[in-house]
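Notes for the one structure printed next.
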Amino acid sequence: MGHNGSGEPKKTIMQLLEGSEVTKICAPMVRYSKLQFRNLVLKYGCDIAYTPMIISESFLQSEMCRNNEFTTNKSDTPLVVQFAASNPKDFADASELVAPYADGVGLNSGCPQRWAMADGYGAKLLKNPEQLKDYVRFTRAKLSAEDFAISVKIRLHKDMKTTVDMCQRLEHVGVSYIDVHGRTTDERHQPVHYDHIKTIRENVSIPVVANGDVTTLDEVHEVSQYTGCQGVMVARGLLANPAMFDGHQYTPAECIKDWVEICMNLGTPFTCFHNHLIYMMDKVATKSEKRFFNSLQSTPAVLEYLEQNIFCHSENKKQES
């Protein structure tokens, strides 16, 4: 077993989810929850981080896809690799490939985008709960180690009885835990049905992770307390504030500095580097400042702006205090 930064033995995903504290999780985000961002949030109170969704069929067939879609390092843990798959064998085979480098895998059966559902991925899988069990069963047959987590991310059916029954079936075939986005496939910006997540939690004995519209650490604890869920998964809230899980109300200058350092050390395309900063600075810059910053076209220009407008202000505040 590995060790964390404090020298203590690293906890497995299930040890975290079965512990006394709520487990704080960075959600899978297409284009955004890549290695650099995972390294950043794991420095700021995040317990588990997910890769972006990876298409298992492409991952199995193409070495280029594997190299582009999945990179990791020693700081990238606990890590869950999330796959979209249109059949159980692809999910199991792709999971087997990444198992030596990850702490768990997750099946995306919650993505509501039309292209994904048309290709048999994401929320399309919710239409066949019986087959969904095979994804877990096939994968567990290949990866039997108890400390390797196999999870499924779902959305709600319109009929809660169907959702609960599906979760109980997944538990029966050995899924480690279930991530629940508290909306149906047809819902986008409607309020999250935390009461339905609570119902799922009350009807299974495995850990359940709540997901949907959480933007502060206080909300993490409120959602966990209300639903009884052992984990809370956050997406956009972390994009705007990667230090959210550490209790910061907005992105501190130190976190922005860490982002720059991580990106410079790992080598990061400008678009990725810049887009994350645009999100991080949304609450710490004025409209005119954001308009100017968003228009920058190069890494040197971004670094110069940060040095003159963010980092020097931070140093001045430290000196004043």
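The values are calculated or read from the model by the stated rules, or taken from the named source; none is laboratory data. Quick caveat, the model's predicted, so the values are computed rather than measured. Ideal geometry is used to build each Cβ from the backbone, glycine not excepted, and the neighbour counts take in all protein chains shown. Side chains included, ligands, DNA and RNA excluded: accessible areas come from the protein's heavy atoms. Shrake-Rupley method; radii C 1.70, N 1.55, O 1.52, S 1.80 Å.
Screening Gln190 with (1) surrounded by 23 or more Cβ atoms within 10 Å (Cβ to Cβ); (2) touching a Ser or Thr at 6+ places or on another chain (Cβ under 9 Å) gives one miss only, at (1). The set of residues from region 51-110 being free of Cβ contacts under 8 Å to residues at least 40 places away in the same chain, acidic (Asp, Glu) and crowded, with 20+ Cβ neighbours inside 10 Å comprises Glu57, Asp90. Once region 216-240 is narrowed to residues that are surrounded by fewer than 17 Cβ atoms within 10 Å (Cβ to Cβ) and hydroxyl-bearing (Ser, Thr, Tyr), the residue that is nearest to Tyr279 (Cα to Cα) is Thr216.
The residues listed here are Val302, Val284; of these, the one that is touching a His at 6+ places or on another chain (Cβ under 7 Å) and either farther than 30 Å from Gln15 by Cβ or open to solvent by 40 Å² or more (accessible area, probe 1.4 Å) (or both) is Val302. Across region 130-163, the number of residues qualifying as within 23 Å of the chain's Cα centre (by Cα) and either surrounded by fewer than 19 Cβ atoms within 10 Å (Cβ to Cβ) or part of a loop (DSSP other than H, G, I, E, B) (or both) comes to 7.
Total residues in region 104-121 satisfying the condition of being part of a loop (DSSP other than H, G, I, E, B) and either of a type in the set (Ser, Thr, Tyr) or touching an Asp or Glu at 6+ places or on another chain (Cβ under 8 Å) (or both): the figure is 3. Condition check: modelled with pLDDT of 95 or more and of a type outside the set (Phe, Trp, Tyr). Does Thr185 satisfy that? Judged against the criteria, Thr185 is not a match.
Right, His196: surrounded by fewer than 21 Cβ atoms within 10 Å (Cβ to Cβ), over 18 Å from the mean Cα position of the chain (by Cα), in contact (Cβ under 8 Å) with a residue 24 or more places away in the chain and within 30 Å of Ile150 (Cα to Cα) or not?
Details: surrounded by fewer than 21 Cβ atoms within 10 Å (Cβ to Cβ): yes; over 18 Å from the mean Cα position of the chain (by Cα): yes; in contact (Cβ under 8 Å) with a residue 24 or more places away in the chain: yes; within 30 Å of Ile150 (Cα to Cα): yes.
Yes; evaluated as a whole, the condition is true for this residue.
Residues checked against (1) at pLDDT below 95; (2) not basic (Lys, Arg):
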{"position": "Arg114", "(1), (2)": "yes, no"}
{"position": "Gly122", "(1), (2)": "yes, yes"}
{"position": "Leu126", "(1), (2)": "yes, yes"}
{"position": "Thr139", "(1), (2)": "no, yes"}
{"position": "Ser176", "(1), (2)": "no, yes"}
{"position": "Glu202", "(1), (2)": "no, yes"}
{"position": "Val209", "(1), (2)": "no, yes"}
{"position": "Thr216", "(1), (2)": "no, yes"}
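Working only within region 237-257, note down all residues that are assigned to a helix (DSSP H, G or I) and closer than 14 Å to Asp282 by Cβ. Break it down into steps so the answer makes sense when it comes.
Step one: filter region 237-257 for residues assigned to a helix (DSSP H, G or I), giving 237-240, 244-246, 253-257.
Answer for region 237-257, where residues must be assigned to a helix (DSSP H, G or I) and closer than 14 Å to Asp282 by Cβ: Gly237, Leu238, Leu239, Ala240, Met244, Cys255, Ile256.
Which one is farthest from the chain's Cα centre (by Cα) among residues in region 111-120 that are open to solvent by less than 30 Å² (accessible area, probe 1.4 Å) and closer than 16 Å to His157 by Cα? It comes out as Pro112.
Taking the stated definitions as given, is Ala240 under 20 Å from the mean Cα position of the chain (by Cα) and at pLDDT 95 or above? Taking the combined requirement at face value, the residue satisfies it.
Within region 35-50, the set of residues being buried (at least 22 other Cβ atoms within 10 Å of the Cβ) and of a type in the set (Lys, Arg) comprises just one member, Arg38.
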